[in-house]
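K.L.:
Pasting in a structure now, in structure tokens, and then I'll have a few things to ask.
The values are calculated or read from the model by the stated rules, or taken from the named source; none is laboratory data. Note that the structure is predicted; figures quoted are calculated from it, not measured. Cβ placement follows ideal geometry from the backbone for every residue including glycine, while neighbour counts extend to all protein chains displayed.
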Amino acid sequence: MLYQIYELNHIALMPMRKLAKCQMEMLDTSYNPFANTLLHKGIVAAYEVFENTTRRYDKPEWKLPYTNINGIPVPVEDRVVWSKPFGNLVHFKRADGHLDLIRKSGHVDPRVLIVAPMSGHYATLLRGTVEAFLPDHEVFITDWVDARNVPLSEGKFDLNDYIDYLIEMIEFVGPGAHLLAVCQPGPAVLAAVSIMAEDENPNRPASFTIMGSPIDPRKSPTMPNKVAEEKPMSWFRRHVIHTVPYPNKGFLRKVYPGFLQLAGFVSLNRERHLSAGKEYFKNLVKGDNDSAEKHREFYDEYLAVMDMTAEFYLQTIEWVFKEFKLPKGEFEHRGRLVKPERITDVALMTVEGENDDISGIGQTQAAHDLCKNIPSEMQEDYIQPGVGHYGVFSGRRFREEVAPRVKDFMRSNTVWAREKEVQKELTRKMWKHA
């Protein structure tokens, strides 16, 4: 019922939202004789704040038309190269003609598959992560689909399906690629690599990097960890699972709505978000367009959320945050025990933030204890000082301190002799898909 109320509220506010936008555009013109008065600026700012806080934020665009290589701008095109109902694989294609002018003949860049979280926000939240790797990597990213847009006829999608998707994507990108798992997908990525290693899958990656992820939430538990552990499963089923209303494509599908996830995010830093809203209004009145635009860019991304299927969300809560199946050695995939100790030739790096209030220190590091048969020279652990959860994969310190370390780790574990042939085969598969 809550979902229906949310949708009705959005529809009810639509006329006022349209009116506010219309009034704002009418008043915000140089022909208005009161345009430079404080009262006028305050009214226009109020209209804009109202319109922004009541509209629905759709999936953002990638907005990465170029990457900079050796000081030269190179055009980039994001294209879907693999697709299934609940997820796509996006490739950021850099213009070959420009690369030929910059790179030496025969040069190839390592392939990296960024596994975006499916925890409320869209994959575009990792725009900065993609941007950091584009100049010197062939970049792919998982792009999960909003469950409210997937018809019920497509069936369920749980944690086991998620792992199957990951394995298929890794196989598509080809052998010797590098995985970069950000936050939520860490346990699933570790499970996928473990299965591929045990099966001696020829397409297994050369390395995988896990960043700010709940591999073992028992270590340095944070507030979200404690809530997940203390509340019974019946509470989650009763309070956070809702039915997608008509006329959405996923009508009647049981989901964990994105707006509830967003409410949880906001509640963790409520004062900061209220303060940001007040500053936004003040900057609009002052005419500080640069600061106002930064606010818009951040919240256009932050407020764009997606639904998760109920079965995926509940299984993740139960297996990862309540029963700790992975660190206890009890995690099963399709009735088969996941064995991280079977990984012997895939390098592992973990990255944590010193001030992470979502995945505490030690939760990601636990992956090293589970992957005990990876040679020590193929393992690396790094804690970034002075950053919280989002600083692990975005922002200045990520670009200047975290990303260079991850890139060095990937390059030191790249099998260059095979890379060129693998990329030729990958190009053939992508053309076939297109």
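K.L.:
Can you tell which of ASN355, ASN373 is out of contact with any His (no Cβ under 8 Å at 6 or more places or on another chain), assigned to a loop (DSSP other than H, G, I, E, B) and over 25 Å from PHE321 (Cα atoms)? Reasoning before the result, please.
P.N.:
Working: ASN355 fails: over 25 Å from PHE321 (Cα atoms).
ASN373 is the lone residue from the list that is out of contact with any His (no Cβ under 8 Å at 6 or more places or on another chain), assigned to a loop (DSSP other than H, G, I, E, B) and over 25 Å from PHE321 (Cα atoms).
K.L.:
Check whether at least one residue in the range 272-284 is at pLDDT 75 or above and among the polar types (S, T, N, Q), and report yes or no.
P.N.:
yes
K.L.:
Among the numbered criteria (1) over 22 Å from ASP109 (Cβ atoms); (2) within 23 Å of the chain's Cα centre (by Cα), which one does ARG405 miss?
P.N.:
If we test ARG405 against (1) over 22 Å from ASP109 (Cβ atoms); (2) within 23 Å of the chain's Cα centre (by Cα), just (1) comes out false.
K.L.:
Another one. What number of residues within the range 215-267 satisfy the criterion of being closer than 12 Å to PHE321 by Cα and over 25 Å from the mean Cα position of the chain (by Cα)?
P.N.:
The number of residues fulfilling the criteria is 4.
K.L.:
Can you confirm whether GLU380 is surrounded by 18 or more Cβ atoms within 10 Å (Cβ to Cβ) and in a strand (DSSP E or B)? Before you say what the answer is, go through the steps one by one.
P.N.:
Values: surrounded by 18 or more Cβ atoms within 10 Å (Cβ to Cβ): yes; in a strand (DSSP E or B): yes.
For GLU380, the condition - surrounded by 18 or more Cβ atoms within 10 Å (Cβ to Cβ) and in a strand (DSSP E or B) - is met.
K.L.:
When only residues in the range 329-377 that are aliphatic (A, V, I, L, M) and without any contact (Cβ under 8 Å) to a residue 60 or more places away in the chain count, which is nearest to ARG204 (Cα to Cα)?
P.N.:
Within the range 329-377, the first condition is being aliphatic (A, V, I, L, M), and the residues that meet it are 337-338, 343, 346-349, 351, 358, 361, 366-367, 370, 374.
In the following step, the residues that additionally are without any contact (Cβ under 8 Å) to a residue 60 or more places away in the chain were identified as 337, 374.
Working: LEU337: 18, ILE374: 14 Å.
Applying the filter and picking the extreme gives ILE374.
K.L.:
Every residue in the range 105-131 that is basic (Lys, Arg) and touching a strand residue (DSSP E or B) at 6+ places or on another chain (Cβ under 6 Å), please. Let's see the steps before the verdict.
P.N.:
Residues of the range 105-131 that are basic (Lys, Arg), as a first pass: 111, 127.
Once the filter is applied, which keeps residues that are basic (Lys, Arg) and touching a strand residue (DSSP E or B) at 6+ places or on another chain (Cβ under 6 Å), the range 105-131 yields only ARG111.
K.L.:
Could you list, in sequence order, all residues of the range 56-97 that are of a type in the set (Lys, Arg) and closer than 24 Å to LEU166 by Cα? Spell out the reasoning first.
P.N.:
So in the range 56-97, the residues of a type in the set (Lys, Arg) come out as 56, 59, 63, 79, 84, 93-94.
Across the range 56-97, the qualifying residues are LYS59, ARG79, LYS84, LYS93, ARG94.
K.L.:
Let me ask you something else. Of the numbered conditions (1) closer than 30 Å to GLY264 by Cα; (2) within 15 Å of the chain's Cα centre (by Cα); (3) modelled with pLDDT of 95 or more; (4) among the aliphatic types (A, V, I, L, M), LEU152 satisfies every one except a single condition; which is it?
P.N.:
The failed condition is (2).
K.L.:
Let me ask something else. Does GLY391 satisfy being in the same structural domain as VAL130 (by TED's automatic domain parsing), in contact (Cβ under 8 Å) with a residue 60 or more places away in the chain and surrounded by 13 or more Cβ atoms within 10 Å (Cβ to Cβ)? Before the answer, list the steps.
P.N.:
Working: in the same structural domain as VAL130 (by TED's automatic domain parsing): yes; in contact (Cβ under 8 Å) with a residue 60 or more places away in the chain: no; surrounded by 13 or more Cβ atoms within 10 Å (Cβ to Cβ): yes.
So GLY391 does not fit the description; no.
K.L.:
Looking at GLU171, is it under 20 Å from the mean Cα position of the chain (by Cα), in the same structural domain as MET349 (by TED's automatic domain parsing) and in a helix (DSSP H, G or I)? If you could, list the steps in order and put the result at the bottom.
P.N.:
Details: under 20 Å from the mean Cα position of the chain (by Cα): no; in the same structural domain as MET349 (by TED's automatic domain parsing): yes; in a helix (DSSP H, G or I): yes.
So GLU171 does not fit the description; no.
K.L.:
What residue, among those in the range 33-64 that are outside any helix (DSSP H, G or I) and without any contact (Cβ under 8 Å) to a residue 24 or more places away in the chain, is surrounded by the most Cβ atoms within 10 Å (Cβ to Cβ)?
P.N.:
ALA35
K.L.:
Give the number of residues within the range 65-93 that are within 16 Å of the chain's Cα centre (by Cα) and outside any strand (DSSP E or B).
P.N.:
1
K.L.:
What residue, among those in the range 305-352 that are part of a loop (DSSP other than H, G, I, E, B) and β-branched (Val, Ile, Thr), is nearest to ILE241 (Cα to Cα)?
P.N.:
Within the range 305-352, the first condition is being part of a loop (DSSP other than H, G, I, E, B), and the residues that meet it are 306-307, 323-324, 329-331, 334-335, 338-339, 343-346.
Checking the rest, the ones that are also β-branched (Val, Ile, Thr) come to 338, 343-344, 346.
Numbers: VAL338: 28, ILE343: 36, THR344: 40, VAL346: 38 Å.
Checking each candidate, the answer is VAL338.
K.L.:
Could I ask something else about it? If you take the residues of the range 321-371 that are over 24 Å from the mean Cα position of the chain (by Cα) and at positive phi, which of them is surrounded by the fewest Cβ atoms within 10 Å (Cβ to Cβ)?
P.N.:
Only one residue tops the list, namely GLY335.
K.L.:
State whether the residues of the range 212-230 include one that is at pLDDT 95 or above, in contact with an Asp or Glu (Cβ under 8 Å, 6 or more places away or on another chain) and farther than 18 Å from LEU337 by Cα.
P.N.:
Within the range 212-230, one or more residues are at pLDDT 95 or above, in contact with an Asp or Glu (Cβ under 8 Å, 6 or more places away or on another chain) and farther than 18 Å from LEU337 by Cα.
K.L.:
Further question: Please go through (1) hydrophobic (A, V, I, L, M, F, W, C); (2) within 32 Å of the chain's Cα centre (by Cα); (3) outside the structural domain of GLU171 (by TED's automatic domain parsing); (4) farther than 27 Å from ASP158 by Cα for LEU2 and return the number of the only condition it doesn't satisfy.
P.N.:
In the conditions (1) hydrophobic (A, V, I, L, M, F, W, C); (2) within 32 Å of the chain's Cα centre (by Cα); (3) outside the structural domain of GLU171 (by TED's automatic domain parsing); (4) farther than 27 Å from ASP158 by Cα, LEU2 misses (4) alone.
To keep it simple, each residue is scored yes or no on (1) at pLDDT below 90; (2) of a type in the set (Phe, Trp, Tyr); (3) in contact with a Gly (Cβ under 9 Å, 6 or more places away or on another chain).
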| position | (1), (2), (3) |
| --- | --- |
| SER30 | yes, no, no |
| ILE43 | yes, no, no |
| ALA46 | yes, no, no |
| TYR57 | yes, yes, no |
| GLU77 | no, no, no |
| HIS91 | no, no, no |
| ASP96 | yes, no, no |
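K.L.:
Let me ask something else. Is it true that PHE157 is in a loop (DSSP other than H, G, I, E, B), assigned by TED's automatic domain parsing to the domain that holds PRO85 and touching a Phe, Trp or Tyr at 6+ places or on another chain (Cβ under 6 Å)? I'd like the intermediate steps shown before the answer.
P.N.:
Values: in a loop (DSSP other than H, G, I, E, B): yes; assigned by TED's automatic domain parsing to the domain that holds PRO85: yes; touching a Phe, Trp or Tyr at 6+ places or on another chain (Cβ under 6 Å): yes.
For PHE157, the condition - in a loop (DSSP other than H, G, I, E, B), assigned by TED's automatic domain parsing to the domain that holds PRO85 and touching a Phe, Trp or Tyr at 6+ places or on another chain (Cβ under 6 Å) - is met.
K.L.:
Suppose we filter ALA347, ALA304 for residues that are touching a helix residue (DSSP H, G or I) at 6+ places or on another chain (Cβ under 8 Å), among the hydrophobic types (A, V, I, L, M, F, W, C) and modelled with pLDDT under 95; which single one remains? Working first, answer last.
P.N.:
Working: ALA347 fails: modelled with pLDDT under 95.
The unique qualifying residue is ALA304.
K.L.:
A further question on this structure: Can you pull out the residues in the range 65-74 that are in contact with a strand residue (DSSP E or B) (Cβ under 7 Å, 6 or more places away or on another chain) and surrounded by 13 or more Cβ atoms within 10 Å (Cβ to Cβ)? Let's see the steps before the verdict.
P.N.:
As a first pass, look at the range 65-74 and keep what is in contact with a strand residue (DSSP E or B) (Cβ under 7 Å, 6 or more places away or on another chain): 65-67, 73-74.
Within the range 65-74, TYR66, THR67, VAL74 meet the criteria.
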